[in-house]
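S.K.: Attaching a single structure in structure tokens format; questions to follow.
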Ligand code: ACO
């Protein structure tokens, strides 16, 4: 057992060595300086390239293949930390000392017990639902556990309601870059304020972040069990976050190796710049909605096959290809048809994804010990070789995090429908950290769309329309 843990450590250090060898680790000040608003930047469709905020949470350098959380590179964090330490780091801007970590773990242990949420969730046909749909519903129900916002007396009063003509303010103007929001809440408050017994403040504060980090793992595990026709099981207060998650899903205490692998997978997915789900969570938070709704929006965005849903697709593709010798013909056919291959390419990385650098060798190690996974791993290896060989140099298309994560999860006995929910179990740390940071200087998100429609059309009465 100790040998395998040692092998994993060596594998992480080797991945880091190769990353350093292939790219410079010198900071690029032109990409990481403070912003003087308003800022001029080149923006592509889908807001590509737009700078919408400053952050100290994390940094992705796509050209060099770096992923950094609060100044620490992902290789070191995977080598020396647990997910709890990394979640604390993302939220608090420093790695916890022993006492802080112990306090944090105690809180997570308490918040993992989302009994009322699970009772409510089991009133729905979870086994018939899409797993991400069930998780999203679960986080919404969790909100009831912690806040009274949905009860009559907890509703917001006029003090921080949005002006009724809020969306009629002409926004199709050049942003002036004021320090203060163009949209003002009537009270002028920028942060949510306590409404009843401090409940609203709690629903947007650090404890709600902890509650979500803990609770999303319990709900995901419960959803996995309910889908298999099993009842959810309570967390084990003796276990850490990764081990607890596996235990709540399977009912079996994981081995130290399984725990270590899950810890690494959770760390690798915890934050990743202003990606679609993080942006969705931040957009919702910027309206001063609460963090439960924000995380719900993140989960909804993560569900798509262009984002978190890709690793499930990768497993389907590997099954469809069947064997490594079929790979070249399959790639020919797919590319000729203009198709995109799941698990390859990235909006930001135009170099090797550092997360795939870790997950690839980890999947190889696991496949070595699981002969039944070997053929699928060989097919994956051949697919990487073919796709990177054809598109790597030319279009900067390399495997992304999703390419090997499915194989890693499969080796832990996890079914593909749960891959994307597991992504959420991890990413909730990044979502909450970024939302929490953004709310300190909140400004409602409001980009523009260029109107290209017509003007001065006349309404023809319905009986005269062709
Ligand atoms: N397979 C084949 N060709 C690809 C792929 C791919 N996976 N990805 C991009 N390309 C090609 C495109 O066809 C395009 O070629 P062209 O210039 O000849 O038209 C070129 O590379 C650029 O592609 P874009 O679509 O502009 O790249 P974009 O940055 O918009 O897309 C995305 C990134 C959505 C991730 C894309 O690579 C993709 O669809 N990949 C497959 C899905 C996937 O794995 N998603 C997970 C991403 S990681 C995550 O979200 C955690």
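FYI, it's all coordinate maths here, none of it is from the lab. Just so it is clear, the structure is predicted and the values come from calculations on it, not from any experiment. A quick note on method: Cβ atoms are made from the backbone with ideal geometry, for glycine too, and the neighbour counts reach across all protein chains shown.
S.K.: When a footprinting reagent is the concern and you count Cβ atoms within 10 Å, what order do 268, 118 take, fewest first?
M.R.: If I rank by nearby Cβ atoms, fewest first, I get 118, 268.
S.K.: Mind checking the full-extension length gain between residue 287 and residue 417? Use 0.36 nm per residue of separation minus the Cα-Cα distance, one decimal, nm.
M.R.: Full-extension gain reported as 43.6 nm.
S.K.: Determine, for 263, 332, the number of other Cβ atoms within 10 Å of each Cβ, and report the residues in order from fewest to most.
M.R.: 332, 263
S.K.: Between residue 326 and residue 26, what is 0.36 nm times their sequence separation minus the Cα-Cα distance? Round to one decimal in nm.
M.R.: Taking 0.36 nm per residue and subtracting the Cα distance, the gain is 103.8 nm.
S.K.: What does the convex hull of the alpha-carbon atoms of the chain project to on average, in nm²?
M.R.: Over all viewing directions, the chain projects a mean Cα-hull area of 27.2 nm².
S.K.: Just subtract the alpha-carbon distance of residue 107 and residue 334 from 0.36 nm times their residue separation and send over the number in nm, one decimal.
M.R.: Once the chain is fully extended between residue 107 and residue 334, it gains 76.8 nm.
S.K.: Below 8 Å between Cα atoms, with a sequence gap of 6+, how large is the relative contact order for the chain in percent?
M.R.: 21 percent
S.K.: Moving to a separate point now. Starting from the 7 Å offset along Cα-to-Cβ, what nm value, one decimal, do you get for the label separation of residue 233 and residue 36?
M.R.: 6.0 nm
S.K.: If you don't mind, there's one more thing I want to ask. Given points 7 Å out from each Cα along the Cα-Cβ axis, report the residue 350 to residue 395 separation in nanometres with one decimal.
M.R.: 1.5 nm
S.K.: Would you mind getting me the FRET efficiency between residue 127 and residue 462? Use the beta-carbon distance for r and R0 = 60 Å, nearest 0.05.
M.R.: About 0.85, to the nearest 0.05.
S.K.: Another question about this same structure. Under the classification rounded if a/c is under 1.5, otherwise prolate if a/b is larger than b/c and oblate if not, where does the range 400-466 fall, given a ≥ b ≥ c as square roots of the Cα gyration tensor eigenvalues?
M.R.: Taking the square roots of the gyration eigenvalues as a ≥ b ≥ c, the range 400-466 is oblate.
S.K.: Take the Cα gyration tensor of the range 336-433, multiply each eigenvalue by 5, square-root it, and list the three semi-axes largest first, rounded to whole angstrom.
M.R.: 22, 20, 12
S.K.: In what sequence do 64, 390 fall when counting other Cβ within 10 Å, fewest first?
M.R.: With the fewest neighbours first, 64, 390 line up as 390, 64.
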